[in-house]
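Comments concern the structure below.
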């Protein structure tokens, strides 16, 4: 601390000594009640003071207190520190006056620190309570503690000291664990320690370390635990680091761990830190899971943003908001993706961690090694570990499959329960069992040989047959057409994958991935997928089998032959043959052959019965209609939408019940702005949904809800069911990513987009756009920059990627990066980036400069023949002009916009601009029209229209009415809308509260904008929110905070154009405050 810096501060009613950490509450001129802050709370308070009025993120606090990516129980430590500070200030988390929690981000100091003159008084020690003196570890040995005699120290660590002791009542040896010294005076930690120990003591199972009782010694609580003899799995793995643990040793450990987890999960408890150090191998052969209850209890506040998981435990334990130590931190190398993202957790997080442990046991190395937590977390979220058998070929394929399933990034694709995982482990043969099985097989064969050579040969074929198992991936080769009918090539190449993909039992490798693999194998991407090429692709993608098909003229009929080929050996292991007399029955016969082949390749009879939609219903009986649909699919992303539309419409003309053609043409209609026709087409596909197979039925239903009705909330759970049922369907992940993005579920959207990129690599451009937008809006800016670089490296160069990169540069004040993106825009006439450049200047009050960029954007949009873009520029201009008080200019901009407004999103933007510029009657008329036209659209009905209606009420002077209208909109504030978003409802809600004179609620709304800069972007409301926050703070009587907010606004607009009404008013208001 330098000599000119203050040594004492006033924080509201309290005084803080920056030298000693003493916090005092003066009473009648005296120092009154005093508290000496411990080191961590004091350091956290210093961080909050340095960022007064701004958010100190949890990550910033972690890096300051624990640099170099130290792995600690961070969540618990920060919760304890903040709790300590709140108790010292007499503050409340629900209604804070000193320290505010900003959900999912961090903390903010609400009071303005003011320097205090040094107080001339004798130096004296602060009169603060101190914890009971903790006994040194060694001094307890030989002593009696309660009814236990301490024998020796076992160990110690972050959760305290552990002693070996003798129970003098029951004559047994136990382990005693004491709460760490730093938690000894923390009443919340003490209460949690006792509550969670009581809960864990109810877990009476052979594979969980038992807690016998809770006791205390000299005021310190302790746990009486089962004494274990043996070693942790971490120690036992050391000898196997070069090659992995033998399967005979691995399987019993894995099974017993599953058994212990199943019992805990069934009672609502999640471990959240499964790792080798927490799995104990006793000398008696039993596996014990350690640290249940002490630190890893499932609860509400610590599992993400959702509500607490409902379980039998919840009814017994009312106070589960006592957050367990460790929180969402866990141990870096063994965390699940959802833990890293701090999402709501369930039991499947433990199964992912167990999968990581099994991977390490099987291979001798960690799945995601790294030098620091950041690198490990990035790998856990975005990379796949090397296949287990690549590192240790001795691992049975069945065990490799179990580990791979446990390590699915999407938890919906993992085992649903530990019990199911245990069942799968039971089916894994050990090497000894395999040897015995082979011996039995050879003995049986030998016996049969003695009876009859023919029977022997049949039995040999039976014993050595090759069959597929659930979720195996197959590669479909192109049809071998030996007829003179070329239409059948496209027709049957489209129909066969529909037949084979209708069952979740088989996973058909997507055509996109087939073509990408062909490119990597140096085959022409658009060439024919022959049997040999299909086998190469099969081997490269670690798929299991190739399916070939052929059709030939045989006499007076057609013969269809389907074969299943082992892609490693090239042996045919399943065949199906069908003869058909009439051409119109070919598709039907292909479907029958497909069902038969599925059964012969290994699909169970129950699955065949469940997924048996006739192929001519799922597609069409007409080869010509199928050929047209195939041509439409090949050109679906072509800019020549008229030709694509023609293919689909002609297919429908041939077969009026062709559901898939209706679903496809509806998407094209929508891209052409033909909304009514799009809705009708998707409705027709929906009505025909029972004709479709599983994946296509999901497609038709979700398109109807999302495109036809706009009801994203109805579509959303169906998308989730789709990806759960068909986890390798790239279209499902692609569409789900879009739905989650529109609903503001940005982390889910990013995860789905990432999976879609993996499954459809050559069509990854659109998914990179979704991934980057979602990651940016989730405020994961550095990760979004990595995604941009990755997309560029793969030659994806779409303008939305550059638009997001420009926004990130703006948010990070990276002027060179912004210029780099604008340079790209100059060479591509990217009007979107020119518009963003204008917005960046509007944000700083430089409206004249903004007009030049907007004119540039307008010219580029006209050149690109984008009427909607021209309308958008005029509407945006009108809106910001209204917000800064230039109402007359706004109306002129609206006059220019109205002739080019086209489509519902434009009309919603127009209605909002009309309402904010003082034309409520016209806005109301538009609102009523849109309301009638879109009665089921989620974003329209629950976000856009209420926001516009509230703006109308504000103009009419009915602030309370505006608040009432916007109250149910609050849960949708953070969504992504294509008409307007920017957290605009919160801004209007804040304005309404200001007019009502309610400073507290108003401040909360404006802080919502400031807390989510990536969602507000470059909108002028982002900078105006600082001014409005200052006005709210004036209403609250907090002039220091208000001055700071005004200063921030005026600093951002220091180079603003003169004569802006809102700026002139702000300067006058600030002069009064000074």
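Values in this text are rule-based calculations from the coordinates and carry no lab data. No experiment lies behind these values; they were computed from the predicted model shown. Counting neighbours? That spans all protein chains shown, and the Cβs are built from the backbone with ideal geometry, glycine included.
Ranked by the mean number of other Cβ atoms within 10 Å per residue, highest first, peptides 666-674, 820-828 order as 666-674, 820-828.
Note on residue 87 and residue 638: their simple-model spin labels are 7.2 nm apart, each label 7 Å out from Cα toward Cβ. Inter-label distance, residue 855 to residue 932: 4.2 nm, where each label sits 7 Å from its Cα along the C-beta direction.
Gap in Å between the Cα centre of the range 697-743 and the Cα centre of the range 1011-1032? So the separation of the two Cα centres works out to 33 Å. Shape of the range 737-860 from its Cα gyration tensor (a ≥ b ≥ c, root eigenvalues): rounded if a/c is under 1.5, otherwise prolate when a/b > b/c, or oblate? Cα axes put the range 737-860 in the prolate bin.
Dividing the radius of gyration of the alpha carbons in the chain by their Kirkwood radius gives 1.01 for Rg/Rh. In terms of Cα atoms, the Rg and Dmax of the range 472-612 work out to 14.6, 43 Å. Working ranking of peptides 162-168, 561-567 by packing, defined as the average number of other Cβ atoms within 10 Å per residue, highest first, is 561-567, 162-168.
Taking the Cβ-Cβ separation of residue 54 and residue 215 as r and a Förster radius of 51 Å, what is the calculated FRET efficiency to the nearest 0.05? Efficiency at R0 = 51 Å is approximately 0.65. Note on residue 284 and residue 811: the extension gain reaches 183.8 nm, defined as 0.36 nm multiplied by sequence separation minus the Cα-Cα distance. Residue ranges 239-250, 865-876 sort as 865-876, 239-250 when ordered by packing (mean number of other C-beta atoms within 10 Å per residue, highest first). Using a simple spin-label model with pseudo-atoms 7 Å out from Cα toward Cβ, residue 542 and residue 241 lie 2.5 nm apart.
The slack between residue 793 and residue 382, meaning 0.36 nm per residue of separation minus the straight C-alpha distance, is 146.3 nm. For n ≥ 4 DSSP H runs only, could you compute -39500 (n - 2.57) per run for the chain, divide by its residues and tell me the 222 nm figure to the nearest 500? Value at 222 nm, helices only: -16000 deg cm²/dmol. Once the C-beta distance of residue 519 and residue 677 is scaled by a Förster radius of 45 Å, the resulting FRET efficiency is 0.80 to the nearest 0.05. Computed over every Cα-Cα pair of the range 827-1073 and binned at 10 Å starting from 0, the pair-distance distribution P(r) comes out as 8, 31, 38, 19, 4, 0 percent. Counting 0.36 nm for each residue step from residue 554 to residue 154 and taking away their Cα separation leaves a gain of 135.8 nm.
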